[in-house]
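The values are calculated or read from the model by the stated rules, or taken from the named source; none is laboratory data. Computed from a predicted structure; not experimentally measured. Because the Cβ atoms are built from the backbone with ideal geometry, glycine has one as well, and the counts that use them run over all protein chains shown. Note: accessible area is taken over every heavy atom of the protein model, side chains too, but ligands, DNA and RNA are not part of it. Shrake-Rupley method; radii C 1.70, N 1.55, O 1.52, S 1.80 Å.
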Amino acid sequence: MEKLAIHGGKPARSKPLPPNYPGAVLMGAEEADAAAQVIHAQSPFRYYGPEPVFTVKALEDQISRDMNVPYVLGVTSCTAGLIIALKALGIGYGDKVIVPANTFIATAGAVICSNAVPVFVDVDDTLNMDPDDLERVMDDEVKAIIAVPILGNPCDMQRIMSFAEKHNIYVIEDVAQSCGIKHHGRYAGTIGHVGVLSFQMNKILTAGEGGAIITHSAQIFERAARYHDQGLFRDKQRYNLESSDEENAFAGQNYRMSEITGAVALAQWGKLNEILTNMKTHYTNIQQALSLEIPTLQFRRVIDTEGDIGSNLGMILPTKQMAELFTDALNAENINTAILYNGKPVYMNPQIFHQRTAEKHNFPFDFKFKHAVEYTEEMCPRAADLIARTVYLPISPILTEADTSEIIAGIIKVYAAVSSA
Ligand SMILES: *Cc1c(COP(=O)(O)O)cnc(C)c1O
């Protein structure tokens, strides 16, 4: 057997893979020129200035056309977008929101910062929310579900939507990690009542920071626009939505997107198809080769192969110890892989697990729920098991054929060593 790089052997690749920033690695003249135009116009604010370029408006219109959704609102981040979405739906103190056990902390944090309380559902072997576990956490205090397609692999939106319809609750799609993902041909984010995108550095497209809210509902859109902008609704004419401030304004935040962010995000948006096509091609090639060469290797289940954007290949190892050895050994081969979130469900983060907030009396956890909200280490056993032994290979849109061959050879070599250890 070939000696592993972690044991001093020759690495499968002589240098690391491209950094795992799919949008940022393709940044160039388009983003630079777009941002410069805003600066030269001395108009970095979206609603007015000496010579506004209206990049945020252009970004919103472009997303609206491409995703076939009438209302889009640029915001400062996906975390802000989730808070805005919850506020737009009228969710807050005394409400519960269902969150998957496998997600980034922002999903749960946004619920708490909106003054509601998260309750957690387990995952299945897709590593996304298990629709069969929804009933377990459902009660009449639950007002919404946040579905989160993790790393490019779609959620079972059909079953999540039918559960929500049956119980008359809302569905928010947190598409932060998976811009461009689809389920049954429809873009994730446009299937639930409201969807949220992210343009943070690690996401498919980036402006460093930024996000967008998408919805089919004029009413949700108006409330989102008002919450994100001090209660104002400056774009009523653009959307032909007459609405009086005297009757409809409420106290809000400032989560407005800057024109520089809008310029960069719009230039990135123009590269989305190229990014998705490249990722999917490499992902398919790598997965097909690995399936042939390593018949025992288990992949993350995908419910809709067409809709999967191929940004990450999830491999489920038999044990946590093997998964850790597999990642460490692959990293030594210059094939950078990762186990997400320290191998733990999101509720194991101390601020969530201990229900600790910045507020007095631990508001909003002080609400006297009819069915008390308690978190235990064992509450989502499949998430605790599967997150710890799922290894993700990020698929960069700028891989070459030589890169993919080296990745395949390296994984075959390391898997053989790890599974015989
Ligand atoms: C990154 C991420 C967020 C937060 O996005 P920001 O734009 O950084 O606020 C929310 N949810 C998920 C699932 C994420 O991965």
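Summary table below
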read-out: Complete set of residues in region 100-123 that are closer than 10 Å to Pro345 by Cα and open to solvent by 20 Å² or more (accessible area, probe 1.4 Å); value: Phe104, Ile105
read-out: Segments classed as strands (runs of 3 or more DSSP E), wholly inside region 134-241, with at least 3 members that are closer than 26 Å to Leu272 by Cβ, of a type in the set (A, V, I, L, M, F, W, C) and in contact (Cβ under 8 Å) with a residue 12 or more places away in the chain; value: 194-198, 211-215
read-out: Any hit, region 2-10, residues being part of a helix (DSSP H, G or I) and either touching a residue at least 24 places away in the same chain (Cβ under 8 Å) or within 16 Å of the ligand (Cβ to nearest atom) (or both); value: yes
read-out: Residue list for region 89-116, restricted to those being touching a strand residue (DSSP E or B) at 6+ places or on another chain (Cβ under 6 Å), over 29 Å from Leu241 (Cα atoms) and within 15 Å of the ligand (Cβ to nearest atom); value: Val97, Ile98, Val99, Pro100, Ala101, Asn102, Thr107, Ala108
read-out: Conditions (1) of a type in the set (A, V, I, L, M); (2) more than 20 Å from the chain's Cα centre (by Cα); (3) surrounded by fewer than 24 Cβ atoms within 10 Å (Cβ to Cβ); (4) not in a loop (DSSP other than H, G, I, E, B); number of the one not met by Val53; value: (4)
read-out: Set Leu73, Leu86: member being away from the ligand (no atom under 11 Å from the Cβ) and in a strand (DSSP E or B); value: Leu73
read-out: Residue among Ala225, Ala188, Ala207, Ala147 that alone is within 15 Å of the ligand (Cβ to nearest atom), buried (at least 23 other Cβ atoms within 10 Å of the Cβ), of a type in the set (A, V, I, L, M, F, W, C) and more than 24 Å from Arg300 (Cα to Cα); value: Ala207
